1. Give me the tail of P(r) for the chain as a percent: Cα-Cα pairs with distance above 29 Å.
2. Placing +1 on the Cβ of each Lys and Arg and -1 on the Cβ of each Asp and Glu in the stretch 47-150, which of 59, 100, 137 has its Cα farthest towards the positive end of the resulting dipole?
3. Please compute P(r) over all alpha-carbon pairs of the stretch 19-64, binned at 10 Å starting from zero, and give each bin as a whole-number percent.
4. What area, in nm² and to one decimal, does the C-alpha convex hull of the stretch 38-113 cast on average over all directions?
5. When the accessible area of the stretch 52-149 is split by element with a 1.4 Å probe, what percent falls to carbon and sulfur?
6. Between the stretch 64-103 and the stretch 6-26, what is the C-alpha centre distance in whole Å?
7. Hey, can you find the accessible area per residue of the chain for me, probe 1.4 Å, expressed in square angstrom?
8. Go through 145-158, 16-29, 110-123 and give me the packing order, highest mean Cβ count within 10 Å leading.
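The values are calculated or read from the model by the stated rules, or taken from the named source; none is laboratory data. If you're wondering where the values come from, they're calculated on a predicted model, not measured in any experiment. Cβ placement follows ideal geometry from the backbone for every residue including glycine, while neighbour counts extend to all protein chains displayed. Quick note on the areas: whole protein, heavy atoms, side chains included, nothing else; ligands and nucleic acids left out. Shrake-Rupley method; radii C 1.70, N 1.55, O 1.52, S 1.80 Å.
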Amino acid sequence: MADFTLHEDPLSGNCYKIKLTAALLGVPLAIRQYDIRKGETRTPEFLAEINANGRIPVLQIDGGGDLRFLPESNAACWYLAEGSALIPGDRFDRADMLRWMFFEQYNHEPNIATLRYWLAFVGEAHLSDQQRAQIPAKRVAGEDALALMDEHLAAREWFVGDAVTLADIALYAYTHVAEAGCFRLRDRRNLCAWLDRIAALPAYVAMA
């Protein structure tokens, strides 16, 4: 059986996805933390040994001497969850799960996660003029993503099928902290009920 180490920044929702996936599966993870604001993932050592792209999370997989590194949060979640109930057995449901995971990375994370980071951790006063100019468009796109999710959940408990999948985990990570980016969640009743269902799962772990 492989041993796993997560190279992460605890403030990152992308890193949290992997920790939540592992917790729900009962898979132990060793943790190695970095501060991306201090450039700790851009050192020559990190670029040479962990990820040449200079980004986290990275899942380190030690298969008994065969050491491999897997970047990209959703890919790492898939690797951990393959063969488990977090990935549906039905062919269409698997594809639909991937559809929501792609949506998270293309429509959701670039807007909701970015505004959370800019406003809660960088501070608007420290943003560049270019970043400040992007805020209105990112806010509209983020609200659109949340509205679509809320509408989808009006007639269902989970994003795909009748049980929690990686689609839910991927979308939960930055949705549940979206108010730090000044997105209002409390008016979205279906979304809030879904957030509560995730937090009530056995073995759930909170974000740092």
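1. On the way: 5473 of 21528 pairs.
For the chain, the share of Cα pairs beyond 29 Å comes to 25 percent.
2. It is 137, whose Cα lies furthest towards the positive end.
3. Binned Cα distances yield the sequence 24, 46, 27, 3.
4. On the way: hull surface 27.4 nm².
With every direction weighted equally, the projected area is 6.9 nm².
5. Numbers: 2790 of 5240 Å².
C and S atoms contribute 53 percent here.
6. Centre-to-centre (Cα) distance: 14 Å.
7. Working: 10500 Å² over 208 residues.
Value for the chain: 50 Å² per residue.
8. Numbers: 145-158: 15.3, 16-29: 19.8, 110-123: 18.2.
Result, highest mean first: 16-29, 110-123, 145-158.
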